[in-house]
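Beneath this line is the structure, given in C-alpha cells, with notes to follow.
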Amino acid sequence: MILQGSWGYGTINTGSPKFVADGRLGWTGFPAVAGGKGDASDVVGNPANFFSLSAQASAEEKKSAVTYLKDGVYNDAYVGHLLKNGDVPPVQNLDAKLKTTDKAGWTTYVYQLTRNAKSFQLSWDQALSPELGNELLTHLDQLFLGQISPEQFCAQMDKAAAK
C-alpha cells in the first residue's frame, strides 16, 4: 500500500502494465473515522493537472483564457488522449467519455471523487508561489528526515514567507 496522487496510476501503468491490466492495482480514499471530525467527501491534493488564472486579469483576458483552454487545450481530442492514459482532465460532463476507455474504473473513481467533493483544498506546494513552495518541500524533507524539529520547521517557513 502506498500513498500516492492521481499521477501514480499512469506511472504504475507505464512501469508495469500487466500489473494494472490483471486488476492487481486498486485504489481507495482514506477511511472515515467513526465519531471523527471532517467530511469524508472533502478532497485535498491534485487530482488533475489544471491551469490557474490571475484574479487581476481583465474580463477580456479571462474570457480569452477560458476560450483558449476550452477550445485550444481541453478539446475533445486532447481530453480523449488524457483519458486513454488514465488522466482525468478538469472538465465537466465526462461521464460518457469515461466509459469508453479501458481505464474507466480508475478515471470514473477520480472524476466522481472530485465532482462529489463538498470541499477542495489544493496541495500546499501548489497553492504557494514557486519560491515558497520549494521552501516548503525542502523543510518538509528536513522535518521528516529528523533533521529539524516541528518548531524549527515553523520558524523556517515563517522566515521564508516574510521574504
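Here, each number is a calculation from the coordinates, and none is a lab measurement. Every value quoted in this text rests on a predicted model; they were computed, and no experiment measured them. Using ideal geometry, Cβ is built from the backbone for each residue, glycine included, and neighbour counts are taken over all protein chains shown.
Select from GLY133, GLY80, GLY36 the residue whose mean-square fluctuation is largest in a Gaussian network model of the chain (Cα-Cα springs shorter than 10 Å). It is GLY36. When the chain is treated as a GNM with alpha-carbon contacts under 10 Å, the residue of GLN92, GLN121, GLN112 showing the greatest mean-square fluctuation is GLN92. Any idea which of PHE120, ALA162, VAL110 is furthest toward the positive side of the dipole for the chain, if Lys and Arg beta-carbons carry +1 and Asp and Glu beta-carbons -1? Of the listed residues, the answer is VAL110. Using only the C-alpha atoms, the convex hull of segment 124-163 corresponds to 56 Å³ per residue. Applying the Karplus relation 6.51 cos²θ - 1.76 cosθ + 1.60 with θ = phi - 60° to segment 143-159 yields 3J(HN,Hα) values of 5, 6, 8, x, 7, 9, 8, x, 5, 5, 4, 4, 5, 5, 5, 4, 5 Hz, where x marks Gly and Pro.
Rounded if a/c is under 1.5, else prolate if a/b is larger than b/c, else oblate: which is segment 77-163, with a ≥ b ≥ c the root eigenvalues of its Cα gyration tensor? Prolate, because a/c is 1.5 or more and a/b exceeds b/c. For segment 94-163 versus segment 8-67, the inter-centroid distance based on Cα atoms is 10 Å.
Our analysis of the chain gives Rg over Rh at 1.01, with the two radii drawn from alpha carbon positions and Rh computed by the Kirkwood formula.
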